[in-house]
Every structure is written in C-alpha cells, then in structure tokens.
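Have a look at the structure below before the remarks.
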Amino acid sequence: MRKNSSTELKDRVYILKGSSSPLTYVLPSRHTRRFPLLHFDGTSNRALRYASNQKSVFEDEQDQNPILEPVMFTDGVLNVPKTNPVLVKFLELHPLNGVTFEEFNPEKEAADEIEELDIELDAQLAARNLSIEQLEHVCRVIMGHAVDKMTTPELKRDVLIYARNNPKEFLSLINDPALAIMSLASKALSEGIITTKNNGRDLYYNLPNNKKKIASVPVNETAETYLAYFMDIEEGKEVLELVKLKLS
C-alpha cells in the first residue's frame, strides 16, 4: 500500500513487511536485467536509480558521475531524514513499496488496529447474541457432524472462540442468507435422511420408502456444499421441503 506523498518534507521511517526481518536487507537501488527497476510515468517505463549526489531518481535525468550508495534496512528498519528527499522519492516509486517494505505511519497503524478491534468486538457480540437455532446453524457449517455430540455450552464456547479468531469470516458467515440451508444440508446428511453413494459423487434419499437419486455432485464440490446449493435452487425445492419436514 502506498503511503504519504514524498512532497511533504519530514523525517520518515520505512519498515520491512512480514513477521520476521533479517539483520540487514539491501533494497535493489538501480535498474538491472536481474531486477528491472522501472516506473511507468504515464507515457513510458523509466529506469530508476538512487544516487546520493543526484536531484532526480530517474537514470535519464542524472549526470555521468552518480554516487551509488546501498539502500539498507537494519533490523527491518530504514530511517530517512527530511534532508534526503531524493531517497524518499525513490522509495515512493520503488516497485517493492507496499510489497516488501512500507512507510511506517503511526496514525494509520492505530486506525487499522482500531478497525480490527471493532470487527473483533462486533463478531464477539454477534456470537454471544445468537439464538440456539442460529448457534447450531453456525456450528454445523464450521464443525460439521461433530455438533451432534456437543452440548449447548460447548457450542457457545467454540463459536465465541471462532468469532474471536476469525472475526471477518464469522460476520460474513452469519450474514450469509444461505446459512440455514447449509446447516440443513449438514444435518440431513448426518442424520441419514440423505446419503451418498459412489464415493460421495451421488446424493440419494435414504428413507424407508424412498431411495431415489437426487443429484450428482460435480467434481471439486463436496456432497454437503452441493446439497445446500441444490436445495436453494428451484430444482431442489422439493428436497428442501422434505428435509425440513423430516427434521421438524
């Protein structure tokens, strides 16, 4: 992600992205075949080169006596004083900006953390306020058949933990209109109302007087996910109603 514009004169700190940082990391600082260092200016690709005695970061605007110095991160950090605007500009245009390194912005870091904490809180509150029916729906989608052997307190605990560890996924899940149907599909299979044959590639009714085939499961789909999809389309409405009846 690109940071603040290089036009503002101020001391800046750049950091390597990722959870671990080498003791030293030398950033490619000139255009080579091994590492093309190009910037598209809207008309053409121009070679970048950092030279401490030049006023431009573009090779075609530099004189014939550039002083090339390494751009080095130490313990994952590079400090650039406001007296070196050329290096700031070079880092801003560098193709690894936002990929390998980024400018450290305390205000933005704090705002991002607040947003993440808000999402975690929203997920925890939503998990706590689920009805028993919703709780079971969510657990069936997350944990599958294991739900059948769990008590309500165990379900609540595991959902709260899941919401805390995966807040975005959890909020997306509980807001998915297909959640209830996914839960019904899981329960229909776990209780044997519907079964699979041919290594899970075909879905069949498993009722005393009804063993008819329902549908074939496409390649790269699971029986459970496809059954949920099938019951949600017009062709599978009859299956949906029968499953609801048998589970009621």
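The values are calculated or read from the model by the stated rules, or taken from the named source; none is laboratory data. All figures in this text were calculated on a predicted structure; none of them were measured in a lab. No Cβ is skipped: glycine too gets one built from the backbone with ideal geometry, and neighbour counts run over all protein chains shown.
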>> Condition first: surrounded by fewer than 19 Cβ atoms within 10 Å (Cβ to Cβ) and either β-branched (Val, Ile, Thr) or at pLDDT 85 or above (or both). Now tell me which residues in the stretch 127-141 satisfy that.
In response: 128, 129, 132, 135
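Among the residues in the stretch 147-154, are any crowded, with 18+ Cβ neighbours inside 10 Å, over 26 Å from residue 18 (Cβ atoms), assigned by TED's automatic domain parsing to the domain that holds residue 227 and within 26 Å of the chain's Cα centre (by Cα)? Break it down stepwise before answering.
Initial filter on the stretch 147-154 (crowded, with 18+ Cβ neighbours inside 10 Å): 147.
Checking the rest, the ones that are also over 26 Å from residue 18 (Cβ atoms) come to 147.
From what's left, assigned by TED's automatic domain parsing to the domain that holds residue 227: 147.
In the following step, the residues that additionally are within 26 Å of the chain's Cα centre (by Cα) were identified as none.
No.
Based on this model, can you work out whether residue 42 counts as within 18 Å of residue 106 (Cβ to Cβ) and surrounded by fewer than 18 Cβ atoms within 10 Å (Cβ to Cβ)? Can you show your working first?
Numbers: within 18 Å of residue 106 (Cβ to Cβ): no; surrounded by fewer than 18 Cβ atoms within 10 Å (Cβ to Cβ): yes.
Considered against the rule, which asks whether it is within 18 Å of residue 106 (Cβ to Cβ) and surrounded by fewer than 18 Cβ atoms within 10 Å (Cβ to Cβ), residue 42 comes out as no.
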> From the set of residues in the stretch 216-248 that are over 24 Å from residue 147 (Cβ atoms) and not in a helix (DSSP H, G or I), which is farthest from the chain's Cα centre (by Cα)?
Replying inline: 216
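Going by what's in this entry, would residue 176 be described as of a type outside the set (Lys, Arg) and assigned to a loop (DSSP other than H, G, I, E, B)? I'd like the intermediate steps shown before the answer.
On the way: of a type outside the set (Lys, Arg): yes; assigned to a loop (DSSP other than H, G, I, E, B): yes.
Spelling it out, residue 176 is indeed of a type outside the set (Lys, Arg) and assigned to a loop (DSSP other than H, G, I, E, B).
For residue 109, state whether it is more than 30 Å from residue 190 (Cβ to Cβ), out of contact with any strand residue (DSSP E or B) (no Cβ under 8 Å at 6 or more places or on another chain) and surrounded by fewer than 18 Cβ atoms within 10 Å (Cβ to Cβ).
On the way: more than 30 Å from residue 190 (Cβ to Cβ): yes; out of contact with any strand residue (DSSP E or B) (no Cβ under 8 Å at 6 or more places or on another chain): yes; surrounded by fewer than 18 Cβ atoms within 10 Å (Cβ to Cβ): yes.
Yes.
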> Of these, 121, 125, 117, 135, which one is farther than 30 Å from residue 26 by Cβ, part of a helix (DSSP H, G or I) and in contact with a Lys or Arg (Cβ under 8 Å, 6 or more places away or on another chain)?
Replying inline: 135
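Determine whether residue 18 is within 30 Å of residue 107 (Cα to Cα) and in a loop (DSSP other than H, G, I, E, B).
Numbers: within 30 Å of residue 107 (Cα to Cα): yes; in a loop (DSSP other than H, G, I, E, B): yes.
Answer is yes for this residue.
Restrict the check to the stretch 59-80 and report whether at least one residue is assigned to a loop (DSSP other than H, G, I, E, B), among the charged types (D, E, K, R), farther than 30 Å from residue 162 by Cβ and within 29 Å of the chain's Cα centre (by Cα). So that I can check it myself, show each step before the final result.
Quick first cut of the stretch 59-80, residues assigned to a loop (DSSP other than H, G, I, E, B) only: 62-67, 69-70, 75-76.
Among the residues that remain, those that are also among the charged types (D, E, K, R) are: 63, 69, 75.
Pick out the ones that are also farther than 30 Å from residue 162 by Cβ and you get 63, 69, 75.
Now restrict to residues that are within 29 Å of the chain's Cα centre (by Cα): 75.
There is at least one residue in the stretch 59-80 that is assigned to a loop (DSSP other than H, G, I, E, B), among the charged types (D, E, K, R), farther than 30 Å from residue 162 by Cβ and within 29 Å of the chain's Cα centre (by Cα).
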> Residue check, residue 217 against (1) surrounded by fewer than 18 Cβ atoms within 10 Å (Cβ to Cβ); (2) without any contact (Cβ under 8 Å) to a residue 40 or more places away in the chain; (3) of a type outside the set (D, E, K, R), all met but one. Which one?
Replying inline: (1)
>> Being surrounded by 13 or more Cβ atoms within 10 Å (Cβ to Cβ) and either in contact (Cβ under 8 Å) with a residue 40 or more places away in the chain or basic (Lys, Arg) (or both) is the filter here; which residues of the stretch 57-71 pass it?
In response: 71
>> Among the residues that make up the stretch 229-237, is at least one of them exposed (fewer than 15 other Cβ atoms within 10 Å of the Cβ) and of a type in the set (Val, Ile, Thr)?
In response: yes
